[in-house]
Amino acid sequence: MLDKPAITSMLDTPVAQRMPREIAPGVFWIGDCLAQRHKGKVYHGYNAAFLVAGDDASILVETGHPKDFPVIERHMNELFARGIAPLKYLFVTHQETPHCGGLGRVLKTHPEALLVGDVSDYHLAFPQYEHRMRWMKEGDEIDLGGRTFMAVEPVIRDLRTTYWGFDTRERVLFPGDGFAYSHYHEDGHCGLVAEEAVSLDLPDVSSTFADLALFWTKFADMNAYCDRLDHLIARLDVRVIAPTHGLPITDVKTTVPKVQEGLKAAALMPETGTNEKAQAAAS
Ligand SMILES: [Zn+2]
Ligand SMILES: [Zn+2]
């Protein structure tokens, strides 16, 4: 019998040891999964955050779900202990809890950090941090030292105030609720990138997520949105996609069409979530 091959890939790494995971040089995926039941299955979703480290400064993209703050903080501290640049910026794609639920705690724990992006309304919840909020418009860039972080067009937007982010050096797109899909804990998908989770049916989980979380996709022509996504990916020359709820995408050409297939399929189906809830209430 041949010797077992040496551990060479993330697939051989226990789930608990996969995070924080460097998905591109200096871009770290941090955070934890959230389990949700739907149609008798347990779906896992991420409410991920990403730390982008420049030579002089790091930026945190998203803060994770409120429950995830201890994990996010532990992962960040591990990375700072490894010597990455201090946290000077926090960018959240929009004001929903799974994206910005740790905002106050991040600003409290990192008194040097500024909140950047579309900062509408945050001062109402955190008036004590209003002087640390800075507006970004589409195309604005923040210099991190050796790389910049840019606010870019949010093609799939959950709220009016949504912006997507982009790392100009490794060409990593941070699309918030774009490319949202769940994964299966039982299949060992946690902590894997989309291309490693070979048993994950991307069109199926993408359409389920759109059905449950992005109701407006039922009333829009998703062909137009998918064309616009292709346009953005080509214009920015995107090489890696780091979604908040999905697994990171490292092969844009192969994987993006599968997610788009799910979005287009979901748009053609009636909304199921509300009907299920109505049945449950009646029974
Ligand atoms: Zn979301
Ligand atoms: Zn998981």
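Summary table
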item: Under 13 Å, Cβ to Cβ, from W135 - net charge with Lys/Arg +1 and Asp/Glu -1; result: -2
item: Equivalent ellipsoid dimensions for the chain as semi-axes, Å, which come from the Cα gyration tensor, largest first; result: 28, 24, 19
item: Label-to-label distance, nm, for residues given as A35 and E112 (7 Å Cα→Cβ offset); result: 3.9
item: A125-E186 pseudo-label distance in nm [points 7 Å out on the Cα-to-Cβ vector]; result: 3.5
item: Relative contact order computed over the chain (Cα-Cα under 8 Å; 6+ residues apart), in percent; result: 16
item: Relative contact order of the stretch 126-208, pairs being alpha-carbon contacts under 8 Å that are 6 or more residues apart, as %; result: 17
item: Sites matching chymotrypsin sites (Phe, Trp or Tyr not before Pro) across the stretch 187-217 that sit in DSSP coil, with at most 11 neighbouring C-beta atoms within 10 Å; result: none
item: Shape call, the stretch 167-261: gyration tensor on alpha carbons, a/c limit 1.5; result: oblate
item: Contact order relative to length of the stretch 50-201, as percent, for alpha carbon pairs under 8 angstrom and 6 or more apart; result: 19
item: Helix-only [θ]222 nm of the chain, DSSP H runs n ≥ 4, -39500 (n - 2.57) each, per residue, nearest 500; result: -8500 deg cm²/dmol
item: Value of Rg to Rh for the stretch 16-96 (Rh from inverse mean 1/r over Cα pairs, i.e. Kirkwood); result: 1.02
item: The stretch 21-77 versus the stretch 113-140: alpha-carbon centroid distance in Å; result: 21
item: Pairwise centroid distance, computed over Cα atoms, of the stretch 167-246 with the stretch 252-268, Å; result: 8
item: Potential lengthening between D221 and K253 on full extension [0.36 nm per residue; Cα-Cα distance subtracted]; result: 9.3 nm
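Read-outs throughout are calculated quantities, based only on the coordinates presented, and are distinct from any laboratory measurement. It should be emphasised that the depicted structure is a prediction, and the values quoted were computed from it without experimental measurement. Cβ: placed from backbone, ideal geometry, glycine included. Neighbour counts: every protein chain shown.
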